[in-house]
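The values are calculated or read from the model by the stated rules, or taken from the named source; none is laboratory data. In this text, all values refer to a predicted model and were calculated from it rather than measured experimentally. Cβ placement follows ideal geometry from the backbone for every residue including glycine, while neighbour counts extend to all protein chains displayed. The protein model used for the area step is the full one, side chains on, heavy atoms only, and it has no ligands, DNA or RNA in it. Shrake-Rupley method; radii C 1.70, N 1.55, O 1.52, S 1.80 Å.
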Amino acid sequence: MRLYGQELTRREVAALSGDLSQFAGVRLVTLADGAEAGQRVLEFRSGTGLRFTLMVDRCLDIGSCDYNGMAIGWTSAPGFRAPALHDPEGEDGLGFMRSFSGLLMTCGLDHILGSHTADVPEYNYPGRPTATYGIHGRVSMLPARLTGYGERWEGDRCFLWAEGTVRQSAVFAEDLELIRRIEIEVGTNDIQLSDEVRNRGFNRTPHMLCYHINLGYPVLAEGARYLAPIEDVVWAAHADTYTDQGVGYARPSGPADTFREQVWQHEMKADTAGDVAIALVNDALPLGLEVKTRKSELPCTYEWQHLQSGGYAFGIEPSTHHVLGNQFARDRGEMIWLGHGDSRCYTVRFRVLTNADEIAESEAAIKATQQQPIDPFPTPSGHFRTIPGRE
């Protein structure tokens, strides 16, 4: 492994300390105060200066994340509230906002985006002919069953890992399971997330998924740059007031007291391997985060700018569905339907860019795939491409 600029064998690492945890490791802790109290958290340190936490009782999502003391992930005013305090159906479906925080919040498993009521004849229960969904679904605040964590050695290479399952279920409703594994090699800044969503029930069940990846200061700052292989700007929530705030899609501003959130959907082009890489970078530090997904797994991508004072955040959101949501997917025949035992798999790679060379390398690869629009205020096309492979 590579530690502190040296290439070390497993034996050499063992000789330098009584335990690997002096340099890197993963440990389970319990939070004990305030609204966070009682939650299990896995703290990862990769030996490079990268540290991140997995919120075991919040869907095994990534909470805080920092590199050499500089924050990458976003912490909101509500912070990392315990799931017992969460009400997903409260406030007309906006209860999500009272728990919304962290580098990663998983949205789904049967609904994403705005609140919605849908007919659910598939559950065969006359007493509940419709289902009501709050914004971004329920899974993000469900505790995981932690099935394991620790170190795994492959010769002289060491990997830190954790795995667990999250079950979203109800009587006469969905019975979906998320099987999640997170891994990082010691001496690197690459976090690998692998998910499988499986229908454990016997009813044909809708499935939607979005990874709400949220960056904060100092990666997000005035002068930061959004890098993405954008073929087409499809949609903007604020298209009627597109230029009023003076903030385009590619360069976020500093915080503003009256800023109103801006959301886009971009059509991204995959590289020759079928991957889509997106990054937010701050050249002044220099520091950034690159997110890489498979186009075939997550064909849609949203960009979220919440540049309001006190809530300053930037979101990269790869998704299974278009931004117009649940009913739009049903009407177009693009909803994913899972029968008993059916599953879908997803992979997300988070790569922390720690210097100017790594930022330049990421930017060059993205530009080689597709040059993004020069105009900071491109006119949305309204062209939502058909998503193949759906029932």
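Condition check ((1) over 13 Å from ILE184 (Cα atoms); (2) over 22 Å from the mean Cα position of the chain (by Cα); (3) of a type outside the set (Lys, Arg)) across all residues:
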{"site": "ARG11", "(1), (2), (3)": "yes, yes, no"}
{"site": "ALA14", "(1), (2), (3)": "yes, yes, yes"}
{"site": "ASP19", "(1), (2), (3)": "yes, yes, yes"}
{"site": "VAL29", "(1), (2), (3)": "yes, yes, yes"}
{"site": "GLU36", "(1), (2), (3)": "yes, no, yes"}
{"site": "GLN39", "(1), (2), (3)": "yes, no, yes"}
{"site": "THR53", "(1), (2), (3)": "no, no, yes"}
{"site": "ARG58", "(1), (2), (3)": "yes, no, no"}
{"site": "ASP61", "(1), (2), (3)": "yes, no, yes"}
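Of the strands (runs of 3 or more DSSP E) lying entirely inside segment 116-203, those containing at least 1 residues that are of a type outside the set (Ser, Thr, Tyr), under 30 Å from ASP19 (Cα atoms) and open to solvent by less than 30 Å² (accessible area, probe 1.4 Å) span 145-154, 157-169, 175-185, 190-199. Residue count for segment 56-76, restricted to those that are touching a Phe, Trp or Tyr at 6+ places or on another chain (Cβ under 7 Å) and open to solvent by 10 Å² or more (accessible area, probe 1.4 Å): 3. With respect to the stated conditions, ALA329 is small (Gly, Ala, Ser) and touching a His at 6+ places or on another chain (Cβ under 6 Å).
Within segment 66-90, the residues that satisfy the criterion of being of a type in the set (Phe, Trp, Tyr) and part of a loop (DSSP other than H, G, I, E, B) are TRP74, PHE80.
In this structure, does PHE44 turn out to be assigned to a strand (DSSP E or B), modelled with pLDDT of 95 or more, aromatic (Phe, Trp, Tyr) and touching a strand residue (DSSP E or B) at 6+ places or on another chain (Cβ under 9 Å)? Here the answer is yes, as PHE44 does meet what is asked. Those strands (runs of 3 or more DSSP E) of segment 312-391 in which at least 2 residues are of a type in the set (Lys, Arg), considering only elements entirely within it, cover 343-353. Taken residue by residue, segment 205-224 has at least one member that is within 30 Å of SER381 (Cβ to Cβ), open to solvent by 40 Å² or more (accessible area, probe 1.4 Å) and free of Cβ contacts under 8 Å to residues at least 60 places away in the same chain.
Whether a residue is in a loop (DSSP other than H, G, I, E, B) and not small (Gly, Ala, Ser) was assessed, and HIS266 does not pass this test. Filtered by the rule that a residue be of a type in the set (A, V, I, L, M, F, W, C) and free of Cβ contacts under 8 Å to residues at least 12 places away in the same chain, segment 369-391 gives a lone residue, ILE374.
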